[in-house]
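Undergrad: Here you go, one structure.
The values are calculated or read from the model by the stated rules, or taken from the named source; none is laboratory data. The structure presented is a predicted model; accordingly, all values stated were derived computationally and were not measured. Here Cβ is always computed from backbone atoms with ideal geometry, including for glycine, and neighbour counts include all displayed protein chains. Keep in mind that these areas ignore ligands, DNA and RNA; they rest on the heavy atoms of the full protein, side chains included. Shrake-Rupley method; radii C 1.70, N 1.55, O 1.52, S 1.80 Å.
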Amino acid sequence: MRQFEAAADHLALKRGIREYLAAPNRELVVHFPVAMDDGTIRLFTGYRVHHSTVLGPTKGGIRYSPEVRLNEVRALAMWMTWKSALMHLPFGGAKGGVACDPRQLSRDELQRLTRRYASEVSPLMGPKSDIPAPDVGTNAQVMAWIMDTYSMHRGYSVSSVVTGKPIVIGGSVGRSDATGRGIMIITREAARLRSIPFAGSRVAIQGFGNVGEAAARLLHEQGCKIVAVSDIDGGVYNPDGLDPRAVLQHLRTARTLTGYPGAQPVSPAKLLELPCDVLIPAAIEGQITGENAGRIQAGIVVEGANGPTTPEADAILADRGIPVVPDILANAGGVTVSYFEWVQDLQSYFWTEQEINAHLERLMVSTFARVAALAQERRMTLRTAALIVAVQRVADALMTRGIYP
Ligand code: NAD
């Protein structure tokens with residue numbers, strides 16, 4: 001909300017329009033039972049929030065985490081509205097989640113929870129109304145169960161109801177790496193802007209999941225030195241650089257990052273303060289705060305996660321001359337290729353990976369250039385510039401459509 005208010009202050013929005021854009025359009029809270037493997041029945045709480053439907057059907061991920069709450073889902077849904085608008089995608093913003101720890105559930109329990117949650121939120125979901133995608137704690141398999149549940153209720157297959165699905169059921173090539181690829185492109189562009197040589201630049205990444213792992217691997221392929229990575233349990237640091245593929249292999253076999261040969265242990269919090277050229281928080285929100293922003297040593301922060309930097313930290317980093325490439329720009333590769341996936345599903349006509357990556361590259365580069373130019377011209381942060389472009393676009397569409405009735 002504070003980020004939105006800061007951007008809205010720069011725009012001549014009518015009061016009622018500003019209030020409308022600040023509020024979620026629809027919110028659904030569901031409490032539902034799941035049969036556990038041991039024969040007990042557990043109650044879970046889930047959410048689906050549509051922040052805005054002005055630009056089109058809503059789009060946004062589904063999160064499985066013990067911390068999921070309505071307010072978190074609301075904030076994430078609002079960010080999705082601005083992200084889609086910034087990228088010129090014909091989507092509004094949504095987000096969903098279930099308060100649960102997926103690591104404590106068996107595969108069968110996870111499947112039953114997912115199918116029941118999908119049934120519960122099905123009044124809000126549909127290929128023309130609201131299209132979920134993966135987020136923290138969910139993956140392509142979870143999307144496959146949601147697609148199947150929705151299709152069973154309809155009586156025919158509806159692949160376009162979710163994105164980030166496995167390719168065999170209508171997923172898109174390039175989607176699983178898309179957020180990480182977008183981050184790689186944006187890091188390259190931001191490094192150029194700051195005159196930091198991209199090849200050889202030292203990169204520290206918090207979060208080694210869908211986003212962090214792909215970003216690490218693709219940046220490494222471009223010649224960047226990945227000095228540190230971490231997951232929720234801990235991380236590893238080597239100032240001479242890590243091989244992300246070998247780290248992933250170690251994580252798969254050892255089920256932990258710690259113990260990776262030739263690296264020192266580092267906590268997810270301490271990783272943020274390591275000396276590096278580029279810091280990529282790619283785990284969860286609220287990691288760079290008023291408390292630790294003064295100790296960040298990076299030349300640039302590229303937000304892989306949604307909302308990793310608090311407004312207090314933003315102000316401190318701006319004072320210290322450390323640019324922050326905001327989430328709605330830096331991690332927009334995911335929703336952009338989700339858009340390509342949805343278009344392909346609706347047309348039942350599939351593109352090559354080269355086509356996907358070329359379209360993504362073009363959109364990310366042109367949007368970064370637009371935001372960077374506005375930030376420079378108006379002497380504002382990249383975040384405020386990105387939000388101004390996005391909020392203005394939604395407000396223009398809203399005023400053009402008119403206030404119903
Ligand atoms: P994921 O579940 O695949 O990975 C999350 C990573 O963060 C894991 O390594 C996990 O161990 C770590 N983590 C989780 N909680 C943590 C905590 N409390 N402290 C430290 N580390 C923690 O999730 P993801 O899909 O990679 O998403 C990561 C971030 O990127 C989220 O903010 C998400 O909203 C955002 N995002 C994801 C996508 C996408 O396509 N998946 C797109 C845009 C933005």
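Undergrad: According to the square roots a ≥ b ≥ c of the eigenvalues of the Cα gyration tensor, what is the shape class of region 340-386, taking rounded for a/c under 1.5, prolate for a/b larger than b/c otherwise, and oblate for the remainder?
TA: prolate
Undergrad: Compute the relative contact order of the chain as a whole-number percentage, counting only Cα pairs closer than 8 Å that sit 6 or more residues apart in sequence.
TA: 16
Undergrad: Taking amide H positions as placed in the peptide plane 1.01 Å from N, state which residues far from Leu55 in sequence (5 or more) or on other chains have amide H under 5 Å from it.
TA: So Leu55 has HN proximity to Gly92.
Undergrad: Further question on the same structure: Loop-only check: which trypsin sites (Lys or Arg not before Pro) in region 203-308 are DSSP coil with at most 14 other Cβ within 10 angstrom?
TA: Arg255
Undergrad: What are the aspartates and glutamates whose alpha-carbon lies under 15 Å from the alpha-carbon of Lys14, with same-chain residues fewer than 8 places away excluded?
TA: Partners within reach: Glu5, Asp396.
Undergrad: Dipole magnitude of the chain about its Cα centre, charges +1 at Lys/Arg Cβ and -1 at Asp/Glu Cβ only, in debye to the nearest 20?
TA: Dipole of the chain, to the nearest 20 debye: 700 debye.
Undergrad: Starting from a Cα-only point model with no solvent, please compute log10 I(q)/I(0) by Debye for the chain at q = 0.08, 0.14 1/Å.
TA: Each listed q maps to, in turn, -0.40, -1.29.
Undergrad: Which entries of Lys59/Lys95; Lys59/Lys128; Lys83/Lys225 show an alpha-carbon separation above 18 angstrom in the structure shown?
TA: From Lys59/Lys95; Lys59/Lys128; Lys83/Lys225, over 18 Å: Lys83/Lys225.
Undergrad: Once the Cβ-Cβ distance between Arg379 and Thr40 is put in as r, and R0 is 60 Å, what FRET efficiency do you end up with, to the nearest 0.05?
TA: 0.50
Undergrad: Once Lys and Arg get +1 and Asp and Glu get -1 on their Cβ, which of Leu279, Val325, Pro244 lies farthest toward the positive end of the dipole of the chain?
TA: Positive-most Cα among the choices belongs to Val325.
Undergrad: Classify region 178-330 as rounded, prolate or oblate, taking a ≥ b ≥ c as the square roots of the eigenvalues of its Cα gyration tensor: rounded when a/c is under 1.5, otherwise prolate if a/b is larger than b/c and oblate if not. Numbers along the way, then the final one.
TA: Values: a/c = 1.62, a/b = 1.32, b/c = 1.22.
Here region 178-330 falls in the prolate category.
Undergrad: Here's a follow-up. Amide H to amide H under 5 Å from Ile226: which residues, 5+ apart in sequence or cross-chain, H placed 1.01 Å off N in plane?
TA: Here Val203, Leu242 satisfy the definition.
Undergrad: Could you give the longest part of the chain that holds none of the chymotrypsin sites (Phe, Trp or Tyr not before Pro) found in DSSP loops with at most 16 neighbouring Cβ atoms within 10 Å?
TA: In the chain, the maximal stretch lacking such sites is 157-348.
Undergrad: Report the GluC sites (Glu not before Pro) located in region 9-101 that are in a DSSP loop and have at most 16 other Cβ atoms inside 10 Å of their Cβ, or state none.
TA: Passing sites in region 9-101 are Glu67.
Undergrad: Could you give the dipole magnitude of region 178-330 about its Cα centre, charging the beta-carbon of Lys and Arg +1 and that of Asp and Glu -1, in debye to the nearest 20?
TA: 480
Undergrad: What does the accessible area per residue of the chain come to in Å², with a 1.4 Å probe and no ligands, DNA or RNA counted? Walk me through the numbers on the way to the answer.
TA: Details: 16880 Å² over 405 residues.
Heavy-atom accessible area per residue stands at 42 Å².
Undergrad: What is the dipole size for region 186-262, taken about its Cα centre, with +1 at each Lys and Arg Cβ and -1 at each Asp and Glu Cβ, in debye to the nearest 20? Don't skip to the answer; put the middle values down first.
TA: Working: 9 positive and 7 negative charges, 37 e Å.
The dipole magnitude comes to about 180 debye.
Undergrad: Place +1 on the Cβ of every Lys and Arg and -1 on the Cβ of every Asp and Glu in region 26-169, take the dipole about the Cα centre, and give the residue among Ile167, Pro90, Pro123 whose Cα lies farthest towards its positive end.
TA: Pro90
Undergrad: Please figure out what share of the DSSP beta bridges in the chain is antiparallel and state it in percent, rounded to the nearest 5.
TA: Roughly 50 percent of the beta bridges in the chain run antiparallel, per DSSP.
Undergrad: Another question about this same structure. Report the trypsin sites (Lys or Arg not before Pro) located in region 141-214 that are in a DSSP loop and have at most 15 other Cβ atoms inside 10 Å of their Cβ, or state none.
TA: Here the sparse-neighbourhood loop sites are Arg194.
Undergrad: Along region 40-50, what does the Karplus equation 6.51 cos²θ - 1.76 cosθ + 1.60 (θ = phi - 60°) give for ³J(HN,Hα), rounded to whole Hz, x for Gly and Pro?
TA: 3J(HN,Hα) across region 40-50, in whole Hz: 7, 10, 10, 8, 10, 10, x, 9, 9, 10, 9.
Undergrad: Moving to a separate point now. Would you mind classifying region 256-405 by shape? Square roots of the alpha carbon gyration tensor eigenvalues, ordered a ≥ b ≥ c; an a/c under 1.5 is rounded, otherwise it is prolate if a/b is larger than b/c and oblate if not.
TA: oblate
Undergrad: Carbon and sulfur atoms: what percent of the 1.4 Å accessible area of region 45-139 do they account for?
TA: Whole-percent figure for carbon plus sulfur exposure: 49.
Undergrad: Could you work out how far apart the two model spin labels at Glu355 and Ile196 are, taking each label as a point 7 Å from the Cα in the direction of the beta carbon, and quote it in nm?
TA: Roughly 3.6 nm, to one decimal.
Undergrad: Want the number for Ser348 to Asp396: 0.36 nm per residue separation, take away the alpha-carbon distance, what's left?
TA: Taking Ser348 through Asp396 to full extension adds about 14.1 nm, to one decimal.
Undergrad: In deg cm²/dmol and to the nearest 500, what is the mean residue ellipticity at 222 nm of the chain if only DSSP H runs of at least 4 residues count, each as -39500 (n - 2.57), divided by the residue total?
TA: Only helices count here, giving -14000 deg cm²/dmol.
Undergrad: For region 205-274 and region 349-394, what is the separation of their C-alpha centers, rounded to whole Å?
TA: 28
Undergrad: Can I ask one more? Taking the chain as a Gaussian network, where each spring joins two C-alpha atoms under 10 Å apart, which residue of Ser172, Ser160, Ser65 fluctuates the most?
TA: Top of the fluctuation ranking is Ser65.
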